[in-house]
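Below: the structure, in structure tokens.
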Amino acid sequence: MILGKPLLMYLGILTLVSLLFTALIAGLNKKGVKVIPFQWHPRMAAVAIFLALLHGLLAVLTYF
């Protein structure tokens, strides 16, 4: 529990933000805005997948 809320909630929010940031990198690069290099897209995608799997695993483990 962090500030009275379960860790799973914060992990879900972090996963969503990471997923949106990954999509933002691709969208900005497609429009020609090179603020964040495209090489960060696969890295952020791997982070998003890892966080999603961890979030899902912890959610399932709360029922066992």
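The values are calculated or read from the model by the stated rules, or taken from the named source; none is laboratory data. Quick caveat: nothing in here was measured; it's all calculated off a predicted structure. Here the Cβ is made from the backbone with ideal geometry for all residues, glycine too, and neighbour counts use every protein chain on show.
Can you say whether V17 is in contact (Cβ under 8 Å) with a residue 24 or more places away in the chain, β-branched (V, I, T) and assigned to a helix (DSSP H, G or I), as far as the supplied structure shows? Step through it out loud before you land on a result.
Details: in contact (Cβ under 8 Å) with a residue 24 or more places away in the chain: no; β-branched (V, I, T): yes; assigned to a helix (DSSP H, G or I): yes.
Spelling it out, it is not the case that V17 is in contact (Cβ under 8 Å) with a residue 24 or more places away in the chain, β-branched (V, I, T) and assigned to a helix (DSSP H, G or I).
Whether any residue in the range 39-61 is aromatic (F, W, Y), closer than 21 Å to L7 by Cα and outside any helix (DSSP H, G or I) is what I want to check. Among the residues of the range 39-61, not one is aromatic (F, W, Y), closer than 21 Å to L7 by Cα and outside any helix (DSSP H, G or I), which makes the answer no. Mind listing whichever residues of the range 27-58 are small (G, A, S) and surrounded by 13 or more Cβ atoms within 10 Å (Cβ to Cβ)? A45, A48, A52, G56, listed by residue number. Condition first: at pLDDT below 90 and either under 15 Å from G56 (Cα atoms) or in contact with a Phe, Trp or Tyr (Cβ under 7 Å, 6 or more places away or on another chain) (or both). Now tell me which residues in the range 1-43 satisfy that. Across the range 1-43, the qualifying residues are I2, P6, L7.
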